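Worksheet: one structure, shown below.
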Amino acid sequence: MAAPDLADRAAPAELSAPERPARGFFDYQRFQVTLPAGAQTRDVVRAGKVVALLPLDLERGEIVMIRQFRPAAHLANGKGELVEIVAGRVEPGERLAEAARRECQEEIGVTPSALVELFSYLPTPGLTDEEVTFFVAAVDASRVPERTRPAPGEYISVMCVPIDTALAVLGEGKMHNGPLIVGLLWLALNRGRVAELLGAAR
């Protein structure tokens, strides 16, 4: 039996021009979608490109993590102060790697000495077109300041955590941020080759 084709592919779909039932921080659009199986109405939050990165200090055996308030998490389960990794939106005209370096400096106060793009994924494709591109970064955790200067309106605190501790807590199911979980699972699977990846990028 031939192996199944597991790659995402283009769909035989036609989308109408978008209606805009509402607009806030993000653009909320409604489409009439025509597929071979019939027509349907679908709403999409247009969030766009995002970068996320795993800031690692391999010499110290640490990962730099943050805490940040998220209203949606507060509504979902009452635990709105999420443990996260560096992440943020890509500005118009900005390249992905540029956005990753900028977000790292803004959120944890250091710029990566090496940066490697790993993969992209869609966190919630049934709701939003947000696409996250993931990076692993080499940082000097000893230079992380006690306080950083995040973007206006952001509530962020920074933590330098042993990698072993972060992976152990992941297994306890206490952290719920999607990019953090994806990043730590990648790290658990690829820890043995991280130094080689980052060394080649210096």
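The values are calculated or read from the model by the stated rules, or taken from the named source; none is laboratory data. Quick caveat: nothing in here was measured; it's all calculated off a predicted structure. Methodologically, a virtual Cβ is constructed for each residue, glycine included, from the backbone with ideal geometry; neighbour enumeration extends over all protein chains shown. Heavy atoms of the whole protein, side chains included, go into the accessibility calculation; ligands, DNA and RNA do not. Shrake-Rupley method; radii C 1.70, N 1.55, O 1.52, S 1.80 Å.
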remark   = Accessible-area order for TYR28, TYR121, TYR155, largest to smallest, probe 1.4 angstrom, reads TYR155, TYR28, TYR121
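Can you tell me the accessible area per residue over the stretch 45-171, all protein chains present, probe 1.4 angstrom, in square angstrom? Can you show the working numbers first?
Details: 6550 Å² over 127 residues.
For the stretch 45-171, the solvent-accessible area averages 52 Å² per residue.
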request  = Would you tally the net charge around SER120, using a Cβ to Cβ cut-off of less than 15 Å, leaving SER120 out, and scoring K and R as +1, D and E as -1?
outcome  = -2
key: Entry for Cα Rg over 2.2 N^0.38 Å (calculated from the structure that is shown) out of [x] 0.96; [y] 1.33; [z] 1.15   = [z]
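Using alpha-carbon pairs under 8 Å, 6+ residues apart, how would you state the relative contact order of the chain in percent? Write down the numbers at each step before the final one.
Numbers: 373 pairs, mean separation 42.7, N = 202.
The value is 21 percent.
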Probe 1.4 Å - accessible area at THR124, Å² to nearest ten = 70
query = Of all accessible surface on the chain at a 1.4 Å probe, what whole percent is carbon and sulfur?
reply = 53
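Can you work out the FRET efficiency for the pair ILE181 and ASP5, with r the C-beta to C-beta distance and R0 = 25 Å, to the nearest 0.05? Don't skip to the end; give the middle numbers.
Numbers: r = 27 Å, r/R0 = 1.09.
Once the sixth-power term is evaluated, E becomes 0.35.
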message = At 1.4 Å probe size, put LEU82, LEU96, LEU6, LEU198 in order of accessible surface, largest to smallest.
response = LEU6, LEU96, LEU82, LEU198
ask   = With every protein chain kept in the model, how would you rank GLU131, GLU81, GLU107 by accessible area, 1.4 Å probe, largest at the top?
value = GLU81, GLU131, GLU107
